[in-house]
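Note sheet for the following structure.
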Amino acid sequence: MYIIVKNNFQIRTTCFEGFKSMKAALVSTKLHHLYRNLIWRSFSTKFAMANSKFEYVRNFETDDRCLPNTWIVVRVDGRGFHKFSEKHEFAKPNDKRSLDLMGKAAGRVMTEFKEICLAYGQSDEFSFVFKRDMDLHKRRASKLMTSVASIFTSAFVFHWPQFFDIPLKYPPSFDGRVVLYPSTQNLRDYLSWRQADCHINNLYNTAFWTLVLKGNLTNAEVISLKVL
Ligand code: GTP
Ligand code: MG
């Protein structure tokens, strides 16, 4: 059992093995009074099983099943990748190692979910399209989104050494969102939108970094040109 305590200044993690050491754990972490009732209640709830007086809390869980017969798109996006790319010395404007690693992580997600029929990625993002008639996880948005983001992130970290010589300086993470598209035309337009975004950003970044790296201008000078 783990007890993690966070106050304004630090996070303290304590690991205790086994049920018998639980009391010692609580006393040692000085959370005896605060957590005693909560933890004993959770244990007794297990014994009481269903229909206990605590059962009602399940009703607070919202039903987030995606509408049937719609295309489900899950898009993951690197959190704070502007800083992450700087810290890990990504080449500008495009780092092939990073793009290949993103592709590898996306491949892992697609291996895990046979229900995904298409994926499209650029920069620090990847979109995954689920088959329209699939019923995985009862189409629950939170389950699909968190599973994709979690598998993608762990694969990104797992395969990092295959693509980069330098070690990770801190754990990267990806957020996720779910968007539903009712028609195939909507889905096509979504993918066109992401591709246009890729095109515009690449055009800008390529011009910007060429002026900086080969034209010997500073970032501020390029911005002040106001031609981009
Ligand atoms: P949030 O997603 O809101 O957390 O912000 P972010 O910092 O991740 O920025 P955003 O997702 O809008 O854009 C991705 C950023 O990652 C780009 O602006 C770049 O700074 C960086 N990035 C992604 N791919 C590359 C790459 O191949 N090379 C370099 N140098 N930077 C990259
Ligand atoms: Mg990002």
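The values are calculated or read from the model by the stated rules, or taken from the named source; none is laboratory data. The shown structure was predicted, so the numbers you read here are calculated from the model rather than taken from an experiment. Cβ coordinates were reconstructed from backbone atoms using ideal geometry, including for glycine residues, and neighbour counts include every protein chain displayed. When the accessible area is computed, the model is the full protein with side chains, heavy atoms only, and any ligands, DNA or RNA have been set aside. Shrake-Rupley method; radii C 1.70, N 1.55, O 1.52, S 1.80 Å.
Rounded to the nearest Hz, the phi-derived 3J(HN,Hα) couplings of region 99-114 under the Karplus curve 6.51 cos²θ - 1.76 cosθ + 1.60 (θ = phi - 60°) are 5, 5, 5, 4, x, 5, 5, 5, x, 5, 4, 6, 5, 5, 10, 5, where x marks glycine and proline.
Computed about its Cα centre, the charge dipole of region 87-178 is approximately 260 debye, with only Lys, Arg, Asp and Glu carrying charge at their Cβ. Remark: region 54-93 carries 70 Å² of accessible area per residue (probe radius 1.4 Å; ligands, DNA and RNA excluded).
Determine the distance separating the Cα centre of region 146-214 from the Cα centre of region 68-114; give it in Å without decimals. Value for the Cα centre distance between the two parts: 4 Å. Listed cross-link partners Lys96/Lys131; Lys104/Lys169; Lys92/Lys143; Lys96/Lys169 are compared with a 25 Å cut-off, the Cα-Cα value being larger for Lys96/Lys131; Lys92/Lys143.
The residues packed around Leu144, meaning those with a beta-carbon under 13 Å from its beta-carbon, carry a net charge of +4 if Lys and Arg are +1 and Asp and Glu are -1. When peptides 131-141, 212-222 are ranked by their average number of other Cβ atoms within 10 Å per residue, the highest-first order is 131-141, 212-222. Whenever you get a sec, compute what percent of the accessible area on region 57-127 sits on carbon and sulfur atoms (1.4 Å probe). Accessible surface attributable to carbon and sulfur in region 57-127 totals 50 percent. A simple packing score, the average count of other Cβ atoms within 10 Å per residue, orders the peptides 54-60, 72-78, 170-176 as 72-78, 170-176, 54-60, with the highest score first. Per residue, the solvent-accessible area of region 94-187 (1.4 Å probe, heavy atoms of protein chains only, all protein chains present) comes to 52 Å².
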